[in-house]
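Input: a single structure, listed below in structure tokens.
All of the numbers you see were taken from the coordinates with simple rules; none came from a lab. Everything numeric in this text was worked out from a predicted model, so none of it was measured. Virtual Cβ from ideal backbone geometry, glycine too; neighbours counted across all protein chains shown.
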């Protein structure tokens with residue numbers, strides 16, 4: 001009788017908050033900058049990171065996107081490909097082109113997603129995202145309170161883990177290398 | 001007041017060499033790259049070896065407005081920002097402006113801020129003389 005080798009492998013110690021029973025990542029019914037519909041299913045075969053933010057965010061969003069750009073660069077250098085989706089929680093101020101321009105400051109392969117308030121509400125509900133415009137400020141200058149977690153989807157489209165703001169880059173790298181088998 | 005101003009300048013020059021002096025020392029300042037028309041932040045560290053003071057305001061050239069802010073992240077991972085009317089600088093303590101916490105928010109940049117650019121930043125304190133420094137733009 002042989003014992004499958006996989007049973008002998010130590011369990012992966014997730015650095016992020018792992019989903020104990022991974023389920024398919026909710027579809028994101030939004031549009032890309034070119035106006036076409038986004039389908040998370042089209043990304044199956046590669047791990048993906050999903051983040052909700054807004055382009056006028058001065059602190060937490062760019063810090064997170066800089067981390068994800070670094071991560072993608074590291075993994076690309078190792079011969080791997082990962083996807084990154086950025087969903088604006090400020091669709092009234094963030095035009096699709098503004099989102100695309102903003103993301104190009106970090107990584108021109110990041111995909112920005114945009115939709116109506118109703119479409120955004122569906123996407124937010126799927127990932128348990130909260131966002132609300134802060135009351136201070138005027139029509140052009142305001143901040144948005146929002147969930148800062150990053151979500152990791154594996155190559156089969158399963159939601160595997162999420163990460164709080166400030167997670168060390170090496171922790172992301174550790175979990176992604178595990179999913180990529182390296 | 002004059003001698004205090006000189007002390008501050010000397011202290012700042014020493015700090016640039018990595019030496020701590022007595023007084024206020026601003027170190028490790030950097031600004032995150034960003035596109036024109038958007039917002040970004042400056043981060044730095046202020047060490048106060050003198051009596052307690054307050055940072056009252058910041059003004060960054062090239063931004064429509066400069067504000068003192070603190071990002072606050074709750075247990076659910078939700079962030080909201082609180083504008084600060086001033087930032088306390090307790091005697092003998094170091095105050096860190098860093099991602100996810102205190103930061104100097106640059107609103108509505110006139111032009112792109114790219115790596116190797118610099119941002120002239122003017123800081124005003126309750127007791128110490130104002131300070132101007134040239135903040136490098138870099139990606140962490």
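When DSSP assigns beta bridges and you keep just the ones with both residues in the protein assembly as shown, what percent turn out antiparallel, to the nearest 5? Before the final figure, lay out the partial values.
Values: 58 of 68 bridges.
Roughly 85 percent of the beta bridges in the protein assembly as shown run antiparallel, per DSSP.
Once the piece of chain linking residue A:17 and residue A:42 is laid out straight, how much longer is it, given 0.36 nm per residue of separation minus the C-alpha distance between them? Write out the running numbers ahead of the final one.
Values: separation 25, 0.36 × 25 = 9.00 nm, distance 2.50 nm.
The span from residue A:17 to residue A:42 would gain 6.5 nm if fully extended.
Which whole-angstrom value gives the distance between the alpha carbon centres of segment B:77-140 and segment A:11-83?
Cα centroid to Cα centroid, the span is 29 Å.
Count, for each residue of A:51-59, the Cβ atoms from other chains sitting within 10 Å of its Cβ, then give me the mean as a whole number. Please list the in-between numbers first.
Working: counts 0, 0, 1, 1, 5, 5, 7, 16, 19.
Whole-number average of other-chain Cβ neighbours for A:51-59 is 6.
Each label point is 7 Å from the Cα along the Cα-to-Cβ direction; what then is the distance between the points at residue B:56 and residue B:93, in nm?
Modelled inter-label distance: 2.1 nm.
Enter the mean number of other protein chain beta carbons within 10 Å of the beta carbon of each residue in A:141-148, as an integer.
Values: counts 6, 0, 9, 3, 6, 4, 6, 8.
Counting Cβ atoms of other protein chains within 10 Å of each residue's Cβ and averaging gives 5.
Using a 7 Å offset from Cα along Cα-Cβ at residue B:75, what residues in segment A:140-182 end up with backbone N under 17 Å from the label point?
Counting backbone N atoms under 17 Å from the label point, the list is A:148, A:164-165.
Taking N as the number of residues in chain A, what is its alpha-carbon radius of gyration divided by 2.2 N^0.38 Å? The partial results should precede the final answer.
On the way: Rg = 17.0 Å, N = 182, 2.2 N^0.38 = 15.9 Å.
For chain A, the normalised Cα radius of gyration comes out at 1.07.
Please tell me the relative contact order of chain A in percent, rounded to the nearest whole number, where contacts are Cα pairs under 8 Å and at least six residues apart. Mind dumping the intermediate values first?
Working: 298 pairs, mean separation 60.8, N = 182.
Over chain A, the number comes to 33 percent.
Sorted from fewest to most neighbouring beta carbons within 10 Å, what does the list B:132, B:38, B:45, A:36 look like?
On the way: B:132 11, B:38 21, B:45 15, A:36 8.
With the fewest neighbours first, B:132, B:38, B:45, A:36 line up as A:36, B:132, B:45, B:38.
Please work out the ratio of the alpha-carbon Rg of segment B:32-140 to 2.2 N^0.38 Å and round it to two decimals. List each step's numbers first, then the result.
Details: Rg = 14.1 Å, N = 109, 2.2 N^0.38 = 13.1 Å.
Rg over 2.2 N^0.38 Å, computed on Cα atoms: 1.08.
Using bins 10 angstrom wide from zero, how does P(r) for segment A:1-109 break down, in % of all Cα pairs?
11, 36, 34, 11, 6, 2, 0
Would you tell me the mean number of C-beta atoms belonging to other protein chains that fall within 10 Å of each C-beta in B:33-42, as a whole number?
On the way: counts 4, 5, 6, 1, 5, 9, 10, 5, 6, 1.
What the average comes to for B:33-42 is 5.
Please quote Rg/Rh for the protein assembly as shown to two decimal places, taking the Kirkwood radius as Rh and restricting both calculations to Cα atoms.
Working: Rg = 22.0 Å, Rh = 21.3 Å.
Reported Rg/Rh (Cα atoms, Kirkwood Rh): 1.03.
Which percent, nearest 5, of DSSP beta bridges in chain A are antiparallel?
On the way: 16 of 25 bridges.
The answer is about 65 percent antiparallel.
Treat the count of other C-beta atoms within 10 Å as a stand-in for reagent exposure and order A:20, A:125, A:139 from fewest to most.
Details: A:20 4, A:125 10, A:139 7.
Neighbour counts put them in this order, fewest first: A:20, A:139, A:125.
Over the C-alpha atoms of segment A:105-182, what are the Rg and the largest Cα-to-Cα span, Dmax, in Å?
Radius of gyration, then largest Cα-Cα span, for segment A:105-182: 15.7, 49 Å.
Could you list A:160, A:31 so that the one with the fewest beta carbons within 10 Å of its beta carbon is first and the one with the most is last?
On the way: A:160 23, A:31 17.
Final ranking by Cβ density, sparse to dense: A:31, A:160.
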